[in-house]
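The values are calculated or read from the model by the stated rules, or taken from the named source; none is laboratory data. Please read these numbers as outputs of a predicted model, since none were measured by experiment. Positions of Cβ are backbone-derived with ideal geometry, glycine not excepted, and every protein chain shown enters the neighbour counts.
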Number of protein chains: 2
Amino acid sequence: MSETNGIVNLYEQNDRFYVAVDCIIFGFHQGTLKLLLIKRKFDPCMGEWSLMGGFLNKDESIDAAAERVLQDLTGLENVYMEQIGIFGELDRDPGERVLSAAYYALINIDDYDKELAESHNAVWVPITEIPDLIFDHNKMVRIAQKQLKRKAAVEPIGFNLLPELFTLPQLQSLYEAIFGDTLDKRNFRKKLLAMDVFEKTEEKDKSNSKRGAYYYRFDYDKYTELVQSGLRFAL
Amino acid sequence: MSETNGIVNLYEQNDRFYVAVDCIIFGFHQGTLKLLLIKRKFDPCMGEWSLMGGFLNKDESIDAAAERVLQDLTGLENVYMEQIGIFGELDRDPGERVLSAAYYALINIDDYDKELAESHNAVWVPITEIPDLIFDHNKMVRIAQKQLKRKAAVEPIGFNLLPELFTLPQLQSLYEAIFGDTLDKRNFRKKLLAMDVFEKTEEKDKSNSKRGAYYYRFDYDKYTELVQSGLRFAL
DNA sequence: ACAAAAGTGTTATACTTACACCCATGT
DNA sequence: ACATGGGTGTAAGTATAACACTTTTGT
């Protein structure tokens with residue numbers, strides 16, 4: 001036990017721990033919600049599937065570490081991320097005692113550094129087909145999915161999974177994937193448009209139909225107004 | 001860097017951190033929601049207000065540490081607790097870099113070890129009158145309160161704040177305190193009783209009126225049936 | 001002309017909200 | 001007898017859920 005200025009250092013008598021962060025990275029493509037998983041090229045557990053993770057460094061906050069880890073894999077910055085908690089069972093990492101703070105991230109699946117991801121052996125896997133992952137990563141995924149489900153119903157975070165311009169059929173299929181449920185087309189559109197937080201453009205997406213679907217844009221200013229008027233985004 | 005069996009130890013090159021847990025302890029008394037806070041008798045920040053906390057030890061999970069810290073203050077075991085996350089800003093504890101996992105606990109305010117709590121300088125403070133707390137503890141409290149609000153509306157956790165037997169006026173005033181809002185007596189009772197998860201007893205609580213209010217008991221078995229039938233607790 | 005997805009309104013039902021009086025009992 | 005909190009039902013309004021046809025356009 002050390003002393004400084006005559007007082008016992010109250011910290012040094014305690015244990016210190018390795019702390020990691022793990023990222024549950026959601027993307028959306030062709031009607032299915034996916035996770036960016038790693039086929040590990042390194043130990044421990046080489047060859048197995050896992051979330052992208054990394055150790056916390058002395059000079060960074062936990063949030064910053066999560067952002068760094070995400071950026072290391074995808075090249076992306078300023079991504080929507082939420083902490084889902086810290087996992088600290090004694091034997092969660094059989095190699096050593098490591099605590100892990102889990103975060104989920106929502107990214108636009110066609111806007112990230114593909115070479116970089118590939119260099120880490122990263123693969124998009126449909127949320128319905130997640131394999132066995134190392135440690136407690138499956139548990140993290142379950143919790144992240146549950147939180148996404150809950151939060152997406154009540155805050156406009158789904159848009160982070162789409163390009164800036166999106167169509168209403170696209171949006172509906174996104175929410176169907178998140179909620180794991182089908183939605184009525186007319187009711188869905190009515191409800192969303194009634195909130196008046198979208199800007200309709202003149203452009204159409206003709207990749208899915210001859211007729212084409214109008215592109216919309218989420219309008220953050222209108223959303224702010226909505227919230228200030230005491231209302232909420234809700235599906 | 002050390003080697004074992006010829007492989008480099010992948011962990012040792014990383015930093016290690018002090019990890020604390022802090023408990024936001026909710027109680028309910030006479031129509032107001034309260035927190036059990038500590039007037040610190042020790043450094044750092046002697047004399048200031050804080051949450052009850054403690055350091056994580058090598059041989060315990062984070063959840064177990066939270067339970068231990070709660071027990072150290074209240075003598076209670078098997079208490080309803082939820083982790084709200086880990087806080088890891090660089091300077092959150094000005095003395096040293098310490099990460100802290102925050103948990104909230106719901107306890108029955110007239111069932112804990114009062115001498116023990118007193119020996120730690122613990123005091124019940126109405127949630128509406130929380131003073132400035134050390135570090136980021138006010139932030140933890142805000143988040144805990146928000147989560148309690150959200151979760152109490154949708155899961156039957158409020159009962160943890162009441163004795164086994166409670167009256168409907170009591171229950172209503174509890175939910176009013178949690179939601180920070182008044183509720184209509186008739187609608188409240190209708191909704192709750194419609195879920196059919198209460199057992200009405202023959203006993204009455206006459207401490208608040210001449211007539212007396214019937215004691216009820218939350219019935220976990222009936223609640224399980226409710227959930228299995230696909231319905232949910234909801235207020 | 002036809003196939004395929006986009007777009008559009010109405011009605012029935014369930015849920016939510018508002019609201020006022022009688023009851024039981026101790027003093 | 002009266003003061004105090006406990007207990008009860010109904011009606012109006014609002015939100016949700018169910019449902020089917022027309023439009024556009026590329027082939």
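Does B:Phe179 meet the test of being surrounded by 14 or more Cβ atoms within 10 Å (Cβ to Cβ) and touching an Asp or Glu at 6+ places or on another chain (Cβ under 8 Å)? In short, no. On inspection, B:Glu118 fails the criterion of being free of Cβ contacts under 8 Å to residues at least 40 places away in the same chain, under 25 Å from B:Lys149 (Cα atoms) and away from chain A (no Cβ under 14 Å).
Among the residues examined, A:Asn14 qualifies as at the interface with chain B (Cβ under 8 Å from one of its Cβ atoms) and not in a strand (DSSP E or B).
Tally the residues that are at positive phi and more than 14 Å from DNA strand C (Cβ to nearest atom), restricting the search to segment A:204-227. Before you say what the answer is, go through the steps one by one.
Kept after step one, since they are at positive phi, are these residues of segment A:204-227: A:212.
Remaining after also requiring more than 14 Å from DNA strand C (Cβ to nearest atom): none.
The number of residues fulfilling the criteria is 0.
Looking at the structure I just gave you, is A:Thr201 within 15 Å of DNA strand C (Cβ to nearest atom), more than 18 Å from A:Met81 (Cα to Cα) and in a loop (DSSP other than H, G, I, E, B)? Answer is no for this residue.
Among the residues making up segment B:183-204, a single one is in contact with a Pro (Cβ under 9 Å, 6 or more places away or on another chain) and more than 17 Å from B:Val154 (Cβ to Cβ): B:Lys185. Applying the criterion of being more than 7 Å from every other protein chain (Cβ to nearest Cβ), surrounded by fewer than 17 Cβ atoms within 10 Å (Cβ to Cβ) and at pLDDT 95 or above to the residues of segment B:79-95, the residue that is farthest from the chain's Cα centre (by Cα) is B:Asp91. How many residues are surrounded by 11 or more Cβ atoms within 10 Å (Cβ to Cβ), in a helix (DSSP H, G or I) and without any contact (Cβ under 8 Å) to a residue 40 or more places away in the chain when one looks only at segment B:221-235? Residues in segment B:221-235 being surrounded by 11 or more Cβ atoms within 10 Å (Cβ to Cβ), in a helix (DSSP H, G or I) and without any contact (Cβ under 8 Å) to a residue 40 or more places away in the chain: 5 in total.
Select from segment A:176-194 the residues that are touching a helix residue (DSSP H, G or I) at 6+ places or on another chain (Cβ under 8 Å) and in a loop (DSSP other than H, G, I, E, B) and list them in ascending order. Scanning segment A:176-194 gives A:Gly180, A:Thr182, A:Leu183. The single condition among (1) at the interface with another protein chain (Cβ under 8 Å from one of its Cβ atoms); (2) surrounded by fewer than 17 Cβ atoms within 10 Å (Cβ to Cβ) that A:Phe55 does not satisfy is (2). The one condition from (1) closer than 23 Å to A:Glu82 by Cα; (2) within 16 Å of DNA strand C (Cβ to nearest atom); (3) not in a loop (DSSP other than H, G, I, E, B) that A:Val154 does not meet is (3). B:Gln170 falls short on exactly one of the conditions (1) among the polar types (S, T, N, Q); (2) part of a helix (DSSP H, G or I); (3) under 14 Å from the mean Cα position of the chain (by Cα), and that condition is (3). Determine whether A:Leu193 is farther than 28 Å from A:Arg40 by Cβ and away from DNA strand C (no atom under 11 Å from the Cβ). Against the criterion (farther than 28 Å from A:Arg40 by Cβ and away from DNA strand C (no atom under 11 Å from the Cβ)), A:Leu193 does not qualify. Condition check: basic (Lys, Arg), in a helix (DSSP H, G or I) and surrounded by 12 or more Cβ atoms within 10 Å (Cβ to Cβ). Does A:Arg217 satisfy that? Taking the combined requirement at face value, the residue does not satisfy it.
Please go through segment A:26-52 and give me each residue that is surrounded by fewer than 16 Cβ atoms within 10 Å (Cβ to Cβ) and either on the phi > 0 side of the Ramachandran plot or within 14 Å of chain B (Cβ to nearest Cβ) (or both), ordered by number. Scanning segment A:26-52 gives A:Gln30, A:Gly31, A:Lys41, A:Phe42, A:Asp43, A:Cys45, A:Met46, A:Gly47.
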